[in-house]
């Protein structure tokens, strides 16, 4: 706060930390969870060493950790787990199959139906599994219809973001804005309180995504849409009983009818043998080869070798020896837990009962894997060739660890699907009719899913996202510090000074625009939590109702369209569609402009500002 023209040192420190936090949140090379934990630690340590007593009372360091038990975070986590239960039980499978059939009749109308379904589902379910469900479908139909897949993927991703703006549970951003506003003494908004302006604006946005966005997106060659067989890099392990053991390399190649080309021979982690024709192949040697999946499996059979090491047999059933075997290709997308990590670090084989046989890296031929495929650092866009039971490959698709590209492997439709659908419907209806708060109904729903077998505790743990949890807690702590030290009032006064003389309508419109810009640079959750107390301060200063200003923050913070790092599904779509940063700017900026204009007219009109 300001006294006698001098800013309180605690207020100044929190404002500086806010700027630092926004910079950290925008850095791609620093994990968001690390930045969040740093901000949280600095707040707690700083206020413990330098106590603060303000008009609102004393701030204790422990106050900053209360975000871990905040109702909004509980609701976000419970809804993430419940949404995972839908995917885990295969309850969304009929949606995917119906859309795939519709595309054969009318691609244009089917694309509109896809956008509408994506938007409606995202109003009630976390949009990440929806995007993962729809991406392979859109790629598949684009191949069948010989259309441009890159013109479909980004609009679909944006449709899920638009749909999430419709209800209080549509996104974590909505839940946070509503929760923070309620903490500050305002009326808690019900699930459909702002659905009228949302539907009108969303309709304009969806029309743009359907009619305009596909025409302005440049054609991109997709890794997913490459119908030619991909060339994979693999190690053929020569066992004691292998036909190739003891043979010269030239004789080994002859066994494959001279089709195999050996890049290197690895004898140990540090020893390589030149692939000369008279080099003798010993048991334990690994031949580095590049070829299609079909050819690699053919080499394996011809030589009596294996495409996996002896230690990769995953359990007592030895899934590679089971009858119900499948090969599948899976891509490492942006934000995947495998990104910049190795298969061994993730204990991939043990966790998913699948063996990775080979790897394809776009525009690069891997020259050596000195410590084996399991210890190779994986990159965005790497395609893994996995083998295992059909059920295990289906489970991998549900886990959102990688994106399974094999279109012959469908999401399973299990007998638990009706239970998960019924439970999710109950969660929504109980909250919609005000019978239970969304945090309570969602927690109860998660318990029912666990009891009914729709989810296991392991599934529930995987559904939770440490990045989302930490950014929410850090943002709540930072927002609380701004509020308690008077920083939010200071920022509100600064905003009003800049917009001095403007009408309340223009002030409201300006707030939407500021939040839209901020959310594309930093985390949308951080923008929402920091913006909510500022919006209330602005409304109080203008002596106007706070609700439209809160909605200005909510809608503006959801306009994460102009940059790929603005939202996690943007990164997923970017990887799948092989988009460039400029593609998001080209399509996202007009969409922000449309939504901004729509809400700048709707909020003042509907709320009498």
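The values are calculated or read from the model by the stated rules, or taken from the named source; none is laboratory data. Values in this document were obtained by computation on a predicted structure and should not be read as measured data. Don't worry about glycine lacking a Cβ; one is built from the backbone with ideal geometry, like all the others, and counts go over all protein chains shown.
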Filter result (farther than 14 Å from residue 244 by Cβ and surrounded by fewer than 16 Cβ atoms within 10 Å (Cβ to Cβ)) within region 278-300
278, 294
Filter result (more than 28 Å from the chain's Cα centre (by Cα) and within 17 Å of residue 549 (Cβ to Cβ)) within region 501-534
502, 503, 504, 505, 506, 507, 508, 509, 510, 534
Quick check on my filter: what residues within region 548-567 are surrounded by fewer than 24 Cβ atoms within 10 Å (Cβ to Cβ) and either outside any helix (DSSP H, G or I) or touching a strand residue (DSSP E or B) at 6+ places or on another chain (Cβ under 6 Å) (or both)?
562, 563
Subset of region 341-351 [in a loop (DSSP other than H, G, I, E, B) and at pLDDT below 80]
none
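Given the condition in contact (Cβ under 8 Å) with a residue 40 or more places away in the chain, within 27 Å of residue 544 (Cβ to Cβ) and not in a loop (DSSP other than H, G, I, E, B), answer yes or no: does some residue in region 145-156 qualify?
So the first thing to find is which residues in region 145-156 are in contact (Cβ under 8 Å) with a residue 40 or more places away in the chain, and the list is 145, 147-156.
Now narrow it down to the ones that are within 27 Å of residue 544 (Cβ to Cβ): none.
No: region 145-156 contains no residue that is in contact (Cβ under 8 Å) with a residue 40 or more places away in the chain, within 27 Å of residue 544 (Cβ to Cβ) and not in a loop (DSSP other than H, G, I, E, B).
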Counting only residues in region 245-260 that are under 23 Å from residue 366 (Cβ atoms) and modelled with pLDDT of 85 or more, the one surrounded by the most Cβ atoms within 10 Å (Cβ to Cβ) is identified as 252
Per the filter on region 367-388, residues buried (at least 18 other Cβ atoms within 10 Å of the Cβ) and modelled with pLDDT under 75 are 369, 372, 381
When residue 517 is evaluated against the numbered criteria (1) surrounded by fewer than 24 Cβ atoms within 10 Å (Cβ to Cβ); (2) under 19 Å from residue 200 (Cβ atoms), which criterion, by number, is the only one it fails?
(2)
Tell me which of these residue 23 doesn't satisfy, since it passes every other one: (1) surrounded by 22 or more Cβ atoms within 10 Å (Cβ to Cβ); (2) under 27 Å from the mean Cα position of the chain (by Cα); (3) at pLDDT 80 or above.
(1)
Could you please let me know if residue 178 is out of contact with any helix residue (DSSP H, G or I) (no Cβ under 9 Å at 6 or more places or on another chain), closer than 30 Å to residue 552 by Cβ and touching a residue at least 24 places away in the same chain (Cβ under 8 Å)?
no
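Checking the conditions here, which among 185, 203 is surrounded by fewer than 20 Cβ atoms within 10 Å (Cβ to Cβ), at pLDDT below 90 and out of contact with any strand residue (DSSP E or B) (no Cβ under 7 Å at 6 or more places or on another chain)?
185
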Collect the residues in region 175-199 that are within 27 Å of the chain's Cα centre (by Cα) and part of a helix (DSSP H, G or I), keeping them in residue-number order.
175, 176, 177, 178, 179, 180, 181, 195, 197, 198, 199
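Rundown of residues vs (1) more than 13 Å from residue 236 (Cβ to Cβ); (2) modelled with pLDDT under 75, yes/no style:
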site: 274; (1), (2): yes, no
site: 285; (1), (2): no, no
site: 303; (1), (2): no, no
site: 308; (1), (2): no, yes
site: 313; (1), (2): yes, yes
site: 323; (1), (2): yes, yes
site: 332; (1), (2): yes, no
site: 335; (1), (2): yes, yes
With respect to residue 140, determine if the residue is at pLDDT 80 or above, more than 25 Å from residue 174 (Cα to Cα) and surrounded by fewer than 23 Cβ atoms within 10 Å (Cβ to Cβ).
no
Reported set for region 370-392 where residues are touching a strand residue (DSSP E or B) at 6+ places or on another chain (Cβ under 6 Å), in a strand (DSSP E or B) and farther than 16 Å from residue 403 by Cβ is 387
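Where in region 421-488 are there helices (runs of 4 or more DSSP H), lying fully within it, with 3 or more residues that are surrounded by 16 or more Cβ atoms within 10 Å (Cβ to Cβ) and free of Cβ contacts under 8 Å to residues at least 24 places away in the same chain?
Once the helices (runs of 4 or more DSSP H) in region 421-488 are filtered for at least 3 residues that are surrounded by 16 or more Cβ atoms within 10 Å (Cβ to Cβ) and free of Cβ contacts under 8 Å to residues at least 24 places away in the same chain, what remains is 438-452.
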Every residue in region 572-595 that is assigned to a helix (DSSP H, G or I) and surrounded by 21 or more Cβ atoms within 10 Å (Cβ to Cβ), please.
572, 573, 574, 575, 576, 577, 584, 587, 588, 591, 592, 595
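Determine, yes or no, whether residue 125 is at pLDDT 75 or above, closer than 28 Å to residue 201 by Cα and crowded, with 24+ Cβ neighbours inside 10 Å. Even if it seems obvious, please write down each step before you answer.
On the way: at pLDDT 75 or above: yes; closer than 28 Å to residue 201 by Cα: yes; crowded, with 24+ Cβ neighbours inside 10 Å: yes.
Criteria met by residue 125.
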Residues within region 523-547 that are over 13 Å from residue 488 (Cβ atoms) and either surrounded by 24 or more Cβ atoms within 10 Å (Cβ to Cβ) or in the same structural domain as residue 195 (by TED's automatic domain parsing) (or both), tallied:
6
Can you find a residue in region 77-99 that is over 22 Å from residue 419 (Cβ atoms), at pLDDT below 75 and either assigned to a helix (DSSP H, G or I) or in contact with a helix residue (DSSP H, G or I) (Cβ under 7 Å, 6 or more places away or on another chain) (or both)?
yes
